[in-house]
Amino acid sequence: KEIIDSVAVPVSAAAAKKAIALTVDTSRLTRQMIWADKLNVQKILLNLLTNAVRYTPEGGHVDFSVKNISASDGLDTVIAVRDDGIGMSEEFQTQMFEPFAQEYRMGYESKGTGLGLSIVKQLVDLMGGTVEVHSIPGKGTEFLVRLHFESVEPSGADGKGADREKDLPALRGRRALLCEDNALNSEIACAMLR
């Protein structure tokens, strides 16, 4: 929920500027702590939502929902972003995940770099998830992303953080190469790794 809120709040401001009704549905989201790369999940959500707002005309609608499906070793999370925007042609959908791919549409020229969907696809693949799209020109687009997260138990008096000690034996005796051209960043990274 914390990750979703961190993305939905700024996107809702952009939607409001275009009089787009943005709905966020987390009613089927299990309140659980998960093991996840917060930054990468935020990038996935932000790219999908900003594209939905960007390619939906004024007065349109964007629906964002997240739900959990229990799995044997954690949670499968299904993220849906639907809009009633300009949509994409079937031809473009075959190349939409390629870097810098953009479909020319009258009134939407040069609205982005063409990297957003490529980033989404790469991150979802790296996380072992899936992404699918359903789109009809002039009717809108729906992206469905499915990711698997391991459930963790909160530890500590404040209930924050996960018990990571169980993973440390696998790291003992290993070596890491840190490449950093900024001395201060190098010191900080070394301290964090230690």
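Just a few scattered comments:
- The chain, accessible surface, carbon-and-sulfur percent (1.4 angstrom probe): 53
- Cα centre as origin, Lys/Arg/Asp/Glu Cβ charges: the stretch 23-89 dipole, Debye: 180
- Farthest toward the positive end of the dipole of the chain, out of THR113, PHE97, GLY138, is the Cα of THR113, where the dipole comes from beta carbon charges about the Cα centre.
- Centre separation in Å (Cα based) which lies between the stretch 1-45 and the stretch 54-82: 9
- The stretch 1-137, relative contact order [Cα under 8 Å, separation at least 6], %: 23
- Counting only protein chain heavy atoms and rolling a 1.4 Å probe, the accessible areas of LEU178, LEU117, LEU144 rank, largest first, as LEU178, LEU144, LEU117.
- Modelled spin-label separation between LYS18 and GLN32, with each label point placed 7 Å from Cα along the Cα-to-Cβ direction: 3.4 nm.
- Whole-number accessible area per residue in Å² for the chain, which is evaluated in the context of all protein chains at 1.4 Å: 64
- With the simple model of a label 7 Å out from the Cα in the direction of the Cβ, TYR104 to GLU2 spans 4.7 nm.
- Taking the helices alone, the chain has a mean residue ellipticity at 222 nm of -9500 deg cm²/dmol, built from -39,500 (n - 2.57) per DSSP H run of at least 4 residues and averaged over all its residues.
- Simple point charges give the picture: +1 on the Cβ of Lys and Arg, -1 on the Cβ of Asp and Glu, and for the chain a dipole about the Cα centre of about 280 debye.
- Seen against the Cα atoms of the chain and their longest principal axis, helix 183-193 is set at about 70 degrees.
- LYS43, LYS121, reordered so the largest accessible area comes first (probe 1.4 Å): LYS43, LYS121
- Restraint check, LYS67/LYS121; LYS1/LYS139; LYS1/LYS38; LYS38/LYS139, Cα-Cα greater than 23 Å: LYS1/LYS139; LYS38/LYS139
- For the chain, built as a Gaussian network whose Cα springs stay under 10 Å, the top-fluctuating residue of ALA183, ALA16, ALA52: ALA183
- Between the helical axis of 38-54 and the longest alpha-carbon principal axis of the chain there is an angle of about 10 degrees.
The values are calculated or read from the model by the stated rules, or taken from the named source; none is laboratory data. The structure displayed is predicted, hence computed values, not measured ones. Methodologically, a virtual Cβ is constructed for each residue, glycine included, from the backbone with ideal geometry; neighbour enumeration extends over all protein chains shown. Note: accessible area is taken over every heavy atom of the protein model, side chains too, but ligands, DNA and RNA are not part of it. Shrake-Rupley method; radii C 1.70, N 1.55, O 1.52, S 1.80 Å.
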